Each structure stands twice: as structure tokens, then as C-alpha cells.
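Only the coordinates and a few stated rules stand behind these numbers; no lab work does. Quick caveat: nothing in here was measured; it's all calculated off a predicted structure. Cβ sites come from the backbone with ideal geometry, for glycine too, and all protein chains shown count toward neighbours.
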Amino acid sequence: MPESFERGALTEATYLILLSLCEARHGYGVMQHVSDATRGRVNLGAGTLYGAISLLLDKGWIEAAGGDERKKLYRVTRPGMSALEGETARLDELLAIGRETLAGTGLNNESGGRSNGPCPAAGRAGY
Amino acid sequence: MVKRVFKLFFDFEKEEAWLNDMARHGWMMDSFFLGVYQFSEGPPEEYVYRIELLPQAAASAGSRPYLRFLEETGAEVVSTWFRWAYYRKKACDGDFEIYTDIGSRIGHYKRVACFMYPVCVLEWCMALIQGINFFMALADPYGVHVPAGFSLFFFMFGLLAGIGIFRAARRSQLQYRRLEREKIIQE
């Protein structure tokens, strides 16, 4: 069975939340950190973040790290850390394949323009 | 200045769009009760409004930590109505979305559809009872009944409200189906 069936790829939100909890933060701190780290590209909604935090707590990937009732602090746990490392390795592999393939098409290297490439969609950002 | 508007919405997204439209014109919603929205005048576009269906009643112990969390992020809980919650945030504080990825948006649309379909059935059951009352009152004008006009009114009301609720529920269902397909290829 491929690895991704046993331990699925993390969503972008989960990955960024886990990363920002390498340091103890409260919910709003995570929101701000994720926004800063992605230069405002990813702004987590409160509903999305709250849902992710309670799920990660259930999974044991993060834990409470003090703070008062109003502003609970959270921090990534050992299993959470290994999930982060696993995901980073997976993304590394993905990126390597992507860069290699795109370089081969002559689309994404420094000298090549977009005009002579066979697959113009690959260079388009977002959706 | 304060303004009160009576309006019935079945679709929370249309309601949300209307509240934001009012805010654009300088009317900030302050409270909601039984279809009556109260607005106060303010600088246009001061707030962005959002509406959410909570998993539990807004006043319950289960919802409180979440609502507190929301307020911690700079949003304000303007009003709650059973499981519905109305929020606003200063527009100058940037984007205000409750759900920002496909997974959590699917979850919310599903919650709305699961909540609305039973309410729709309930409305139609009530309409049916009123319809039966109406015909009984017609068939036996001298018996002791709820007045026929009264029954007819609530029959029509239940029927139409049920249709409105059904359409809103259907829309949420179509939305989450669309997003579930989308989720196959992207987050």
C-alpha cells in the first residue's frame, strides 16, 4: 500500500499550524504567525483554525502548554513533530520532481521564456 | 440613528450578503430577534458581517469556548439565534472569513443542509395539520374549530416557508457536493 494511504498528506492549513506551534502560541498567535510567514497569502479563518486545533489535540499532535482559560497556549508534541518531518520530506520529494520536470519543459528555468513551452498551464499560479 | 427592519431569510448566504450591503450603506446590524434586524448608523463599510451555523446552541457550554476564541481573534459576536451566530469584524482589520479551506467549508455547508432539511419537513407537517383543520372547519361550519381563515393563513405560511427552507437546504447541499468534487484535485 502506498505511504499516502497510511498517513495522508497534510493540508496546507494543518502544515502551517503545526509549524507555527513549534513555539508555544495561542490561537490568535497562530493566525498571525501563519499570515506573517506566508506574507499574507494564507489567512486562517477562526472556524477553520478552531476545528484544526481540536482535531490535532484529539490526535495528540499538539498539546496544551499553559496559558489561562481565555488564552490557552498550544505546542506541538513528539508525534506532531514526526508528522511535520514526514510531511516536509514528502514535500521535498514532490518539489524535486516538480522542478526537474518543469526544467525539462524549458518553462521554469531562468533563460527559458514561456512562449516555446508545450504546457503553458504549468506556469500559472493559483487556480 | 437606529433603524429596525423586518425581513425573513431562509438562505444564510443571502442574509449575509444583505447585512454586508447594509453595512456598505452605513447601516451596522446590532441585533436580531424574530426576524427583526436592528441597525445603527455608522461610517460606511466599517464592518464585515459573517453568519455561521454552530454545531450546538450558541448559549450551550459547547459553543462558549469557540465564541470566546472568535472574539479573541478580533471578531465580535453581534447576535445569536439558537444555533445561528452573527459576527462582525472591523473591515480595516483585513479579511474576515470563518472558513478558509475547502474541508471546513464542506463541513459548514453540510451542517446547514442537515439542519435545514428537518426544519423544512417540520414546516410542511405543520402546514398539513393546518390544511386539515381548514377543511374540517369548512366541512362542519358549526363545530368547534380554529377559525378557517386562521388555519388557511398558517397553511399557506408553512407551505411557503417550507419551500424557502427547502431551497436553501438544497443550495447548501449543492455547494458541498461541488466542493467535494473540487477537493479531489485541490485543497
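Within a 10 angstrom radius of the beta carbon, how do B:Trp81, B:Trp27 rank from fewest other beta carbons to most?
Fewest-to-most Cβ neighbours within 10 Å comes out as B:Trp81, B:Trp27.
Rank the residues B:Glu182, B:Glu123 as a footprinting-exposure proxy: fewest other Cβ atoms within 10 Å of their Cβ go first.
Listing B:Glu182, B:Glu123 from fewest to most nearby Cβ atoms yields B:Glu182, B:Glu123.
Nearest 10 degrees is fine. How inclined is helix B:12-24 to the longest principal axis of chain B, computing both from alpha carbons?
Tilt of helix B:12-24: around 60 degrees.
So which residue, out of B:Ala148, B:Ala57, B:Ala127, gets the largest mean-square fluctuation from a GNM of chain B using Cα contacts under 10 Å as springs?
B:Ala148
Would you order B:Lys14, B:Lys183 from fewest to most other beta-carbon atoms within 10 Å of each residue's own beta-carbon?
B:Lys14, B:Lys183
Using only the alpha-carbon atoms, how far is helix B:148-185 inclined from the longest principal axis of chain B? Give it as 0 to 90 degrees, nearest 10.
Long axis of B:148-185 versus the principal axis of chain B: about 40 degrees.
Only four residue types carry charge here, +1 at the Cβ of Lys and Arg and -1 at the Cβ of Asp and Glu. Report the dipole size of the protein assembly as shown about the Cα centre in Debye, rounded to the nearest 20.
480 debye
Return the whole-Å distance between the Cα centroid of region A:18-32 and the Cα centroid of region B:102-171.
Taking the Cα centre of region B:102-171 as reference, the centre of region A:18-32 is 46 Å away.
Can you tally the lysine pairs in the protein assembly as shown where the Cα-Cα distance is under 30 Å and the two residues are eight or more apart, or on different chains?
Here the count comes out as 24.
In whole Å, how far is the Cα centre of region B:22-81 from that of region A:37-104?
Here the answer is 29 Å between Cα centres.
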